[in-house]
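For reference, the structure discussed in these notes is given below.
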């Protein structure tokens, strides 16, 4: 049921804040298990809530980046995402960066990845899409689903409208929480109803789960909101909320590759439709050069290119020209953060500021990956590569992937949530979404977001 | 009065300390290990650059040979202009084109072109399909 009266009660098993891919996946999965769920969404049934102050911006990304790529709308960022899907790799989980690693293994997530693929209208076989292409590099295509991204609000609207157990409170922004003195469980949610301007509270029992799924900017914004009594904000006892923001720097068409591989002609499992090809350094190469994860995509295949024709003549076999965009993993840096400004919206909610600076090591990781590929192609007689310096260092963009700002880890000293997405120290307080990622890999996060949400839903079913 | 240490014991002790220190230093700093250069350019020493392509020297020599250019007399090419400047002759124009990976052809205005400002002008083309038109005042080349 969708409603926007703002008249809510506590007679639910669980509460989910935010209706994006993470929140909606948790809520729908709980509803399937016949749990009563109240999902808060600050947007209305259609359109997005654009009347809140935009996040201030510092660093490399454009002024409106953080606001226009986060959506306060039913379906959240699924209303605007591009639909690209790929999983994180084994080594994203097993290899640390700056002393940080996932407290999970990929194997634990694989069953949830397969279910997430179906939710995102893909064949589960995309989860296994990784093949050795030539020594040094793997072929790991992106599933793009013919550029028809799953819009959660469209796909699941009728399910939500018909559900007796899943209720969606539209036009309601959660402002904060109260917890027990021992900070072991959430005992109150305070929310603001935009249409009426009323602020209300709901009492919560320890057996009722509370899940914050407000996105990589919205989640820390909520956890950072100051308390009237000046105490540590609920959920930020670690002091880590908002820190270690990561994006995926994209160096658009920073490479031209000519390969002896006809990637368009490559047979793939049925779920791929028309993939976007990507080459990834293998673990041995990463280790050899001290690199982090990075993808070199290969698009716009043609044989009608000077270099392809030259190599075809030299090697007496066809060569194919591609334009290559680089997507690199960012090193988690404490300086890249979500802060709060002193500006409050009409509900009294403080507006965020965001700083995200791409470091030299992030740029160099992308550039070196390309150069290593160029060397490998020559050494193995497989092609040639061009590296456009300016397109790495002078122009770049991002994926709209906001990660790491409430990261997962083994203790409160370096993370906000544990391996089950539970806020450290709490019995009934959880976070969902890309804010919990401790490392970004190169992979688009949505498939991982939904997989983690499904895993969280299983945890919640067990507690109540 | 300090106890007298026998010379042998002293030398053995000193040797022991020296050995332990050496072993520790080798373990800690392993000076024999090659220092890995962070983010190597890769292209140094073995490869050459051609307009940011990473190539072998042989690649570059073949790709920049003027023999790759087919001259077409009395023809002008209409196509995407890349760059232009006066050159001494059509060979110089051809040499300029082959040095640039994105140059797919050129049109060279002859010295007798009726427009003095165009005489000896070398215009490089970057389009993949170049339309040819008859014009006695030009010599063109396609790669």
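The values are calculated or read from the model by the stated rules, or taken from the named source; none is laboratory data. This is a predicted model, so every value here is computed, not measured. Note: ideal-geometry Cβ built from the backbone for every residue, glycine included; neighbour counts use all protein chains shown.
Numerical summary
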| item | result |
| --- | --- |
| So residue A:381, is it on the phi > 0 side of the Ramachandran plot and either surrounded by 24 or more Cβ atoms within 10 Å (Cβ to Cβ) or over 24 Å from the mean Cα position of the chain (by Cα) (or both) | yes |
| Check on residue B:103, under 25 Å from the mean Cα position of the chain (by Cα), within 14 Å of chain A (Cβ to nearest Cβ) and under 25 Å from residue A:310 (Cβ atoms) | yes |
| Test: residue in region A:79-96 that is buried (at least 17 other Cβ atoms within 10 Å of the Cβ) and closer than 23 Å to residue A:171 by Cα | yes |
| Identity of the residue in region A:270-290, away from chain B (no Cβ under 13 Å), part of a loop (DSSP other than H, G, I, E, B) and surrounded by 14 or more Cβ atoms within 10 Å (Cβ to Cβ), that ends up modelled with the lowest pLDDT | A:273 |
| Total residues in region A:347-366, condition surrounded by fewer than 23 Cβ atoms within 10 Å (Cβ to Cβ) and at the interface with chain B (Cβ under 10 Å from one of its Cβ atoms) | 4 |
| Residue count for region A:212-235, restricted to those that are out of contact with any strand residue (DSSP E or B) (no Cβ under 9 Å at 6 or more places or on another chain) and surrounded by 21 or more Cβ atoms within 10 Å (Cβ to Cβ) | 1 |
| Test: residue in region B:35-42 that is assigned to a loop (DSSP other than H, G, I, E, B), within 30 Å of residue A:363 (Cα to Cα), modelled with pLDDT under 95 and away from every other protein chain (no Cβ under 11 Å) | yes |
| Residues that are touching a strand residue (DSSP E or B) at 6+ places or on another chain (Cβ under 6 Å) and either closer than 18 Å to residue A:223 by Cα or free of Cβ contacts under 8 Å to residues at least 40 places away in the same chain (or both), drawn from region A:315-336 | A:336 |
| Enumeration of residues in region A:84-131 that are in a strand (DSSP E or B) and in contact with a strand residue (DSSP E or B) (Cβ under 6 Å, 6 or more places away or on another chain) | A:85, A:131 |
| Residue match in region A:137-147 (condition: surrounded by fewer than 20 Cβ atoms within 10 Å (Cβ to Cβ) and in contact with a strand residue (DSSP E or B) (Cβ under 7 Å, 6 or more places away or on another chain)) | yes |
| Selection within region A:374-387 - in contact with a helix residue (DSSP H, G or I) (Cβ under 9 Å, 6 or more places away or on another chain) and facing chain B (nearest Cβ under 9 Å) | A:378, A:384, A:385, A:386, A:387 |
| Which listed residue is over 22 Å from the mean Cα position of the chain (by Cα) and part of a loop (DSSP other than H, G, I, E, B), from A:395, A:405 | A:395 |
| Within region A:388-421, tally of residues that are away from chain B (no Cβ under 14 Å) and surrounded by fewer than 19 Cβ atoms within 10 Å (Cβ to Cβ) | 9 |
| Region A:291-330 - residue that is assigned to a loop (DSSP other than H, G, I, E, B) and within 13 Å of chain B (Cβ to nearest Cβ) and, of those, surrounded by the fewest Cβ atoms within 10 Å (Cβ to Cβ) | A:304 |
